[in-house]
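Visitor: My questions all concern the structure below.
Taken together, the values in this text are just the output of simple stated rules run on the coordinates, not laboratory data. This is a predicted model, so every value here is computed, not measured. Here Cβ is always computed from backbone atoms with ideal geometry, including for glycine, and neighbour counts include all displayed protein chains.
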Amino acid sequence: MKISARRVDTATILDVSGNIDMSNSPEVRNALLREIREKGVTRVVLNLTGVAYIDSSGVASLVEGLKASRDSGSRFVLFGLSDSAREVLKISRLLKLFEVYDDETQAIAS
Amino acid sequence: MNPIAAKQPRGMKKSSKMSRAFLLKLELRSHPTLLCVIRGALEPLMEMLGFSDEYNRAIIRAVDEAVSNIMRHSYHGRLDQPIEVYCNRLQRRTNGETEKGVEILLFDCGAAVDTTKLPARPLDEIKPGGLGLHIIRGSMDTVEYKRAGRLNRLRLVKYARSSKGGCGSAEGEPS
């Protein structure tokens, strides 16, 4: 799995590629919390286009990112969810908690 | 550590008798980097069995979460402990129709699991963790845990409903 960060206007977009599971989900968590807590970015956009699979530990990392963004008054937005990612969020009843967009343009414009 | 170089599994004698009856047997170490190997092995098998993409994802999701739980709760993060995964084809008659499915058995030699103490948080709580059991139960038709001697056995079953295109038998597939 790879994570890279880029700035678009006031947002930071984290591009993730590869599958997210127990072996690497802490990297996602750390990347999210670094942007939200340490750098104080006001809008963090997570690009999951390149993520075919995400497990419960990955979902837990997203929830931590969401909670951190709420605590700091910033926004945390997702886009590019695969069927698998959407299903796991749905089973966990977390899908409605997140701001989810189809693509980057929509996520940035939101 | 390198899981491939780890010592030979122990405590799996009981389960090894079943290997002939199964479509697939995987032996692996409790190393999280091997989760992708399990997913990679199951995907083409479920495709071969005729499961739809949606069912295929559900089965892989459940097995991945179950193995993650073994690594986390049964082996407490130790990386070199044995895990075995068996897959078998199932068939049943329901309302005059034949439903085909898959049975997946997972064995480990870790401490007995007190299922009442496994973290499974209420889904209306917004906090990380405790989702694995929900995901397994929400993905499979049957989830059964049993302590068998020194082994933990988890049995997962998923049937493909005929109305969903399901799990037909393809020509040339093993029976």
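Visitor: Looking only at A:28, A:45, A:16, which one moves most when chain A is put into a Gaussian network model with springs between Cα atoms under 10 Å?
Guide: Largest GNM mean-square fluctuation: A:16.
Visitor: Quick one: work out the % antiparallel among DSSP beta bridges in region A:1-90, nearest 5.
Guide: In region A:1-90, approximately 35 percent of DSSP beta bridges are antiparallel ones.
Visitor: Given the options A:82, A:92, A:74, state which has the largest fluctuation in a GNM of chain A using a 10 Å cut-off (strictly under) for Cα springs.
Guide: A:92
Visitor: For region A:2-101, calculate the relative contact order in percent as a whole number, restricting contacts to Cα pairs under 8 Å that are 6 or more residues apart.
Guide: 28 percent
Visitor: Of A:2/A:39; B:25/B:146; A:96/B:146; A:90/B:25; A:39/A:96, which ones are farther than 29 Å apart at the Cα?
Guide: Result: A:96/B:146; A:90/B:25 exceed 29 Å.
Visitor: Can I ask one more? What number in nm² do you get for chain A if you take the convex hull of its Cα atoms and divide its surface by four?
Guide: For the Cα atoms of chain A, the hull's average projected area reads 5.8 nm².
Visitor: Something else about it: For chain A, what does -39500 (n - 2.57) per DSSP helix run (n ≥ 4), summed and divided by total residues, give at 222 nm, in deg cm²/dmol to the nearest 500?
Guide: Taking each H run of at least 4 residues, the total per residue is -11000 deg cm²/dmol.
Visitor: Also, I was wondering about something else. Report the normalised scattering of region A:62-110 as log10 I(q)/I(0) at q = 0.14, 0.29 Å⁻¹, calculated by the Debye formula with identical scatterers on the alpha carbons.
Guide: -0.35, -1.14
Visitor: Evaluate peptide A:56-65: per residue, the Cβ atoms of other protein chains within 10 Å of its Cβ; return the mean as an integer.
Guide: If you average over the peptide's residues, the count of other-chain Cβ atoms is 5.
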